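Taking it in order: structure first as C-alpha cells, then the write-up.
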Amino acid sequence: MTGGTEDEARQVITGIGVCPGTVVGPVVLMPEAIDEPAPGLRMGPREDHEAQARRVDAAAEQVAGDLQCAADAADGDARDVLEATAAMAADPTLAADARRRVLDEHLVPERAVWEAAEEVVRQFTELGGYFAERARDVADVRDRLVAALTDRPAPGVPEHTEPFVLVAYDLAPSATAALDPARVLAIVTDGAGPTSHTAIVANAKGIPAVVAATGASAALAPEDVVLVDGAAGTVVVHPSPEQVAAARARSQQVRTFDGTGRTRDGHRVQLLANVGDPAGAAAAAASGAEGVGLFRSEFCFLDREQPPTVEEQVAAYRTVFREFGGRKVVIRTLDSGADKPLHFLTVDDEENPALGVRGLRTAARWPELLEQQLDAIAQAAAAEEAEVWVMAPMVSTVGEAEWFVERCRAHGLDVAGVMVEVPSAALLSGPILARAAFASIGTNDLTQYTMAADRLLGSLAELSDPWQPAVLRLVEATCAGGAQQGRPVGVCGEAASQPVLAVVLVGLGVSSLSMTARAIPDVAALLREVDVDECRRLARLAVDAESAAQARAVVRENLPVLAELGL
Ligand code: PEP
Ligand code: MG
C-alpha cells in the first residue's frame, strides 16, 4: 500500500472545528459526572456495618492522598486549589458524620457521604462570604469520595504524565475554563454546539477544539494517538508519520497583525478582541488588538454564591481597562441565565431558560444589580485611560434600549449601546439606534434565536450556523438601521473570527469585528486581499443563497486567494 492509500484508510472522526490549531497527542477520556446515589439507599441487616463504615475512612485517605500527589505535581494557582481540596478531604469531620450515618442509619457508604456533605454545603452556604465560596470544594470532595466508594474513576480532568487530547462526551464551560493549555493539547467533544460557551472558552484559551464530533468518546480509547485539526474539525486516529510531520510543519507557520484592520483599498474595519477575564485581556493587548469589542463581565459573577461588591468589580474592570489605555473597550453588562446560569440569580422554574429571564431582562428583575455594575464601570473608567463603551445583552425592544441608555447616562456613561442578539432587535435597529450609540451583533445568540436551534446542542450544529442566509439578512437589516441613524454596527459573535465570513460581514456594512485575539491575524490577512466593493458583491451572493452550505461554497469559490493564504 502506498502512504496515501494508508492515510485514506485511517479512521477520521469529523465534527466542527471551533478553535484552529493542529496537534498530535494521546487520548485521555473525561470520566462521566458523578450522580447522586439514590436517597434512602440502605444496607441489609446481614451486612457488616463496621466494615462498611471503615470504607469511608479508607476512601477519605485515598482521596486526600491522590489530591496531595496531584498538588505536588502542579504549580501556581492549580497547586493552591488542589492543596486546599486535599486538606478538606483529610478533615475528619465529614468522614466522621458519614461513618455515623452508616452505623446509626445503615445508609450505604456512598449515600452516607452524600448526605454528610450536603449538610456541610448547607452550613457553608448559610455562613455566606468566604465559606459560601468553599461549598463547591466540598461538593468536589464529595464526588471524589463517592467515586472511590463505587469503584469509578475520579471526576474531573484526569492526571496524565504528558500533554494530552481531552475527549469528553460533553464538557461544562467551567470545566473548560479550568483547563491548562500547557497540559491539554486539544479538546474533542461529542456534544456542544459551535457557539456553545464550551467552544468559546476553548477558543479564548487557544486550545484547538473539535465539537459535535458524534461518537468520538465511544470510538476512542485511552492512549490512542490522534491528530486533531481544530480548523477542519477532524480527528485522525493513529495518524501516519507523514501526517504527523505535515501537521507539525503547519502549526509552525505564524502570521502576525500590524494593528490596523483594513481592506486592500484602505476601507477601515476595526479588529478587536473578545475578552473574558483579566488574563485574556493581557493576552489580547499583547497580540496588538485595536481594542476590546466584547468584554464579557460574567467572569466576576460566575461560580459565586453572592454577587461581587462594587469594590470587587471596580478592581476587576480596572485590570482589563488598564491593558487598553487609550484604546476602546466595550464592556457588556451582566449576561446571566440559560447557558450562563448564576447561583444567586437564575430563575429555576423556567421550562425554556433560553427564552426566559436572561440578559438585560435580569437587570429589569433585579435593578440594583445593574445600578451597582454601572457604578463600578463608571468608577473603573474614571480611574483608567481606556475609552469605555457599555452595552446591554439580549435587548429585544426599543423600550429596553431606551431604559438602558438612560440608566447608563445616570452614571455618566455616555457611550451606551445594545447587543443585537434577538431578531426583533435586528428588525427594529433603526428606532433602537436612534436611542443607542452603537450596536454589536451577537451572532451566536442571533443564530440561535433566528433558527430556533439551541446553541448548546451539537446535534443541531447544521442549523447553528451563522452562514444561514436568514441570519445574514438580519445582519444586513441591522446595518441598514445603523446607516439610517449614522451609528456604527459591529459583530462580536464567533462569526467574526471566521476569515471568509468576516469578508461577508464587512460587505454587509459591519464596521468592526471582535473575536478571540488569536483569530485576528488570519482575518486581517484575508481582508487585506479584498476591496470593499468585492466584499459587498460577495455579501450579496451569500445573502441570496438558499442554504448555509451554498452561501459558504459560493463565497469560497469567488475567493481564489484562500488557497494561497491556507485559509
Ligand atoms: C453572542 O451571542 O454572539 C455573544 C457574543 O454573546 P455570548 O456568546 O456571550 O452569549
Ligand atoms: Mg449572546
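On a per residue basis, region 430-567 carries 36 Å² of accessible surface, using protein heavy atoms and a 1.4 Å probe.
Our estimate of slack between ALA354 and ASP91, defined as 0.36 nm per intervening residue step minus the Cα-Cα distance, is 90.6 nm. Highest mean packing first, where packing is the average number of other Cβ atoms within 10 Å per residue, the peptides 215-224, 421-430 line up as 421-430, 215-224.
Hey, what does the equivalent ellipsoid look like for region 184-307, semi-axes from the Cα gyration tensor as sqrt of 5 times each eigenvalue, largest first, whole Å? Intermediate results must be reported in sequence, preceding the final value.
On the way: eigenvalues 182, 110, 31 Å².
The answer is 30, 23, 12 Å, longest axis first.
For TRP403, the solvent-accessible surface with a 1.4 Å probe is about 80 Å², rounded to the nearest 10.
Our compactness index for the chain, the C-alpha radius of gyration over the empirical 2.2 N^0.38 Å, is 1.03. Would you be so kind as to identify which of LEU463, LEU433, THR447 lies farthest towards the positive end of the dipole of region 404-469, taking Lys and Arg as +1 and Asp and Glu as -1 on Cβ and the Cα centre as origin? Ranked along the dipole, the leading option is LEU433. Modelled spin labels at ALA383 and ASP180, positioned 7 Å past Cα toward Cβ, are 3.1 nm from each other.
Between beta-carbons, use under 15 Å as the cut-off and find the net charge around ASP190, counting Lys and Arg +1, Asp and Glu -1.
On the way: positive: none; negative: GLU32, ASP170.
Value of the local net charge: -2.
Given a Förster distance of 35 angstrom, what is the FRET efficiency for VAL254 paired with GLN550, based on the Cβ-Cβ distance and rounded to 0.05?
Values: r = 34 Å, r/R0 = 0.96.
Calculated value: 0.55.
Given the peptides 555-565, 487-497, 454-464, arrange them by the average over their residues of other C-beta atoms within 10 Å, most packed first.
Working: 555-565: 13.5, 487-497: 26.5, 454-464: 19.5.
Listed from highest to lowest mean packing, they are 487-497, 454-464, 555-565.
Annotation: amide H of GLY291 within the under-5 Å range of ALA273, sequence separation 5 or more or interchain, hydrogens built in the peptide plane.
Under a 1.4 Å probe, what is the accessible area of region 125-185 per residue, stated in Å²? Intermediate values should be presented prior to the final figure.
Numbers: 3050 Å² over 61 residues.
It amounts to 50 Å² per residue over region 125-185.
Fully extending the segment from LEU427 to LEU127 would add 103.2 nm, taking 0.36 nm per residue of separation and subtracting the current Cα-Cα distance. Counting charges near VAL532 (Lys, Arg +1; Asp, Glu -1) among other residues having Cβ under 15 Å from its Cβ returns a value of +2. Students often get this wrong: which residues of region 88-116 have the backbone nitrogen under 12 Å from the point 7 angstrom along Cα-to-C-beta of HIS49? The answer is 100-108, whose backbone nitrogens lie closer than 12 Å to the label point. Sorted largest first, the principal axis extents computed over the alpha-carbon atoms of region 51-170 equal 46, 35, 28 Å. Here the label points at ARG262 and GLU61, each 7 Å from Cα along the C-beta direction, are separated by 7.2 nm in the simple model. Counted by Cβ distance under 15 Å from PRO469, the other residues give a net charge of -2, where Lys and Arg count +1 and Asp and Glu count -1.
Straightening the chain between LEU565 and ASP151 buys 143.9 nm, computed as 0.36 nm per residue apart minus the Cα-Cα spacing.
Between PHE344 and ALA470, the simple spin-label model (points 7 angstrom out along Cα→Cβ) gives 3.9 nm.
Sorting 32-42, 476-486, 361-371 by average packing, meaning the other beta carbons within 10 Å per residue, from highest down gives 476-486, 361-371, 32-42. The apolar share of the surface of the chain, taken as the fraction of accessible area on carbon and sulfur atoms (1.4 Å probe, ligands and nucleic acids excluded), comes to 52 percent.
Ligands, DNA and RNA are left out, and with a 1.4 angstrom probe the accessible area of region 299-338 is 37 Å² per residue. Only residues of region 400-422 count here: report those whose backbone N is under 18 Å from the spot 7 Å along Cα→Cβ of ALA434, or say none. Taking a point 7 Å out along Cα→Cβ of ALA434, the residues of region 400-422 whose backbone N falls under 18 Å are 400-406, 417-418.
Which value at 222 nm does the chain reach when only helices count, each DSSP H run of 4 or more adding -39,500 (n - 2.57), with the total divided by all residues and rounded to the nearest 500 deg cm²/dmol?
Rounded to the nearest 500, it is -14500 deg cm²/dmol.
Taking 18 Å as the cut-off, the amide N atoms of region 177-199 that come nearer than this to a point 7 Å along the Cα-to-beta-carbon line of ASP303 belong to 177-184, 197-199.
The values are calculated or read from the model by the stated rules, or taken from the named source; none is laboratory data. Every value quoted in this text rests on a predicted model; they were computed, and no experiment measured them. Note: ideal-geometry Cβ built from the backbone for every residue, glycine included; neighbour counts use all protein chains shown. Protein only, heavy atoms only, side chains kept; ligands, DNA and RNA dropped before computing areas. Shrake-Rupley method; radii C 1.70, N 1.55, O 1.52, S 1.80 Å.
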